Amino acid sequence: MSSIDSAAPPIVTIVGERIALGPLDHTLVPLMQRWHNDLAVVAALGLPPRPLTLERMAARHDALAAAEDEARFAVYTWADRRPIGLATLPAIDFRHGTARYVLFIGKRDCRGKGYGTETTRLMLEYAADWQGKHVVAVGRWFPSSKTCGVCGHAHAGLTLKDRVWTCPACGATHDQDAKAARTLLAEGTRLFALHKPGATGSGFAGTPRAGILTATIVAAGSPET
Ligand SMILES: [Zn+2]
């Protein structure tokens, strides 16, 4: 089936539950132009708030489409094959196995519905697969930043504003973000070991490799998108 035929369904590379991801081809440039003229999207992406012409959008698309260190996907709702946004891994560093991650849901009525969350999960799995790594989901209520890495005390009174905090139980000082990353890595490694190869129905396969996929997430709209 040809992608040139506009009546044909879009080519999709990755299919999730409610979302599918496919190549971001030239036919989507007018739609991308529309989204890039939504000032809320532009602000979230950190772009200058100026009107974007179709010509400029097409030129930008051509340049990005030719970049070897990018993986760009159109995000579709799977039920009706409707393009609703885009997900990109720009600046892939093949040597270190890292990339940035940019997502936006351009269709306003599609924000806050969990599509972005599913897209992010699919993109993480895609990137990890590529690197021969594994994605382990840690429960959203896991107290990653509130657990003292020294004594295990869960500091219930901690708020997001407390970037640096001292454990009331053992007196250790923690940087919240760095500590959250370490606690999540430890919990992920623990969960991975529980589901190591051979365990039936685990959903995991292979052996863990060293390395962390780092991502910078830029999401437009509400946190849910
Ligand atoms: Zn402590």
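The values are calculated or read from the model by the stated rules, or taken from the named source; none is laboratory data. Because the structure is predicted, anything quoted here is derived from the model rather than measured. Don't worry about glycine lacking a Cβ; one is built from the backbone with ideal geometry, like all the others, and counts go over all protein chains shown.
The figures follow:
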read-out	value
Residue count, the range 131-157 (criterion: more than 13 Å from the ligand (Cβ to nearest atom) and on the phi > 0 side of the Ramachandran plot)	1
Pairs, first assigned by TED's automatic domain parsing to the domain that holds Ile19 in the range 62-84, second acidic (Asp, Glu) and in a loop (DSSP other than H, G, I, E, B), C-beta under 9 Å, six or more apart	Leu64/Glu70; Ala65/Asp25; Ala74/Asp25; Trp78/Glu17
Flag if Arg72 is surrounded by fewer than 20 Cβ atoms within 10 Å (Cβ to Cβ) and part of a strand (DSSP E or B)	yes
Criterion (within 27 Å of Gln131 (Cβ to Cβ) and among the small types (Gly, Ala, Ser)) met by exactly one of Ala67, Ala79	Ala67
Strands (runs of 3 or more DSSP E) contained entirely in the range 81-188, each with at least 1 residues that are within 30 Å of Asp38 (Cα to Cα)	82-89, 101-105
Residue list for the range 158-170, restricted to those being more than 16 Å from the ligand (Cβ to nearest atom) and either at pLDDT 85 or above or not aliphatic (A, V, I, L, M) (or both)	Thr159, Lys161, Arg163
Number of the condition not met by Gly46 [criteria: (1) on the phi > 0 side of the Ramachandran plot; (2) not in a loop (DSSP other than H, G, I, E, B)]	(2)
Qualifying residue in the range 106-115 (condition: among the charged types (D, E, K, R), within 14 Å of the ligand (Cβ to nearest atom) and without any contact (Cβ under 8 Å) to a residue 40 or more places away in the chain)	no
